[in-house]
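The values are calculated or read from the model by the stated rules, or taken from the named source; none is laboratory data. Values in this document were obtained by computation on a predicted structure and should not be read as measured data. Reconstructed Cβ throughout: ideal geometry from the backbone, glycine too, with neighbour counts over all protein chains shown.
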Amino acid sequence: MAEKKSGGSKKLLWIMIVLVLLSSAGAAAAIYMVLDQRDGAEGEPQKPLERETPVFTRIDPFTVNLADDRHGSRLLYTGITLRVGNEESKAIIEEHMPQVRSRLLILLSGKQASELTSTEGKELLAQSIISRLSVPLTENQPPLDLREVLFTEFIVQ
């Protein structure tokens with residue numbers, strides 16, 4: 001019986017040795033791959049980031065009557081600047097400025113003062129402006145690349 005135990009323990013010893021060798025080989029392969037990826041990333045010349053000049057178009061400030069709320073009639077005085085993605089979008093907006101201002105006045109006149117006084121309200125208004133101005137101003141107009149609405153003046157009274 002003693003021989004069977006020693007024979008079984010020799011098999012167990014060999015299995016342990018094989019497992020240790022396999023796990024060592026796997027760890028070595030993983031280390032090699034990580035180091036190889038790091039060396040490859042360092043060896044590639046990084047492209048300098050191209051600085052993109054922003055394109056802005058300014059909409060003259062205007063005053064609009066807001067929808068009546070519990071405080072009665074209120075006014076909004078606002079100045080808006082649009083950041084667009086290209087000169088073509090800027091040109092289209094400037095060519096159609098009366099339509100742009102009209103759309104903004106209609107949009108703003110439907111708002112209540114309480115909707116516009118919070119930061120979240122202004123952010124929602126900015127998204128509404130982008131949505132409203134994204135509708136083509138004329139037939140065969142390429143899509144406008146509107147990036148951001150910036151409020152340069154904003155007074156609710």
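Here are the numbers for this structure:
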quantity	calculated
Unique residue being buried (at least 17 other Cβ atoms within 10 Å of the Cβ) and more than 23 Å from D145 (Cα to Cα) when the list is K90, K111	K111
Count - residues of the stretch 52-68 that are more than 18 Å from the chain's Cα centre (by Cα), surrounded by 12 or more Cβ atoms within 10 Å (Cβ to Cβ) and in a strand (DSSP E or B)	9
When residues of the stretch 69-99 are limited to those that are of a type in the set (V, I, T) and in a strand (DSSP E or B), the one farthest from V135 (Cα to Cα)	T78
From the options R147, R51, residue that is at pLDDT below 90 and among the basic types (K, R)	R51
Single match in S128, S102 (criterion: surrounded by 15 or more Cβ atoms within 10 Å (Cβ to Cβ), assigned to a helix (DSSP H, G or I) and small (G, A, S))	S128
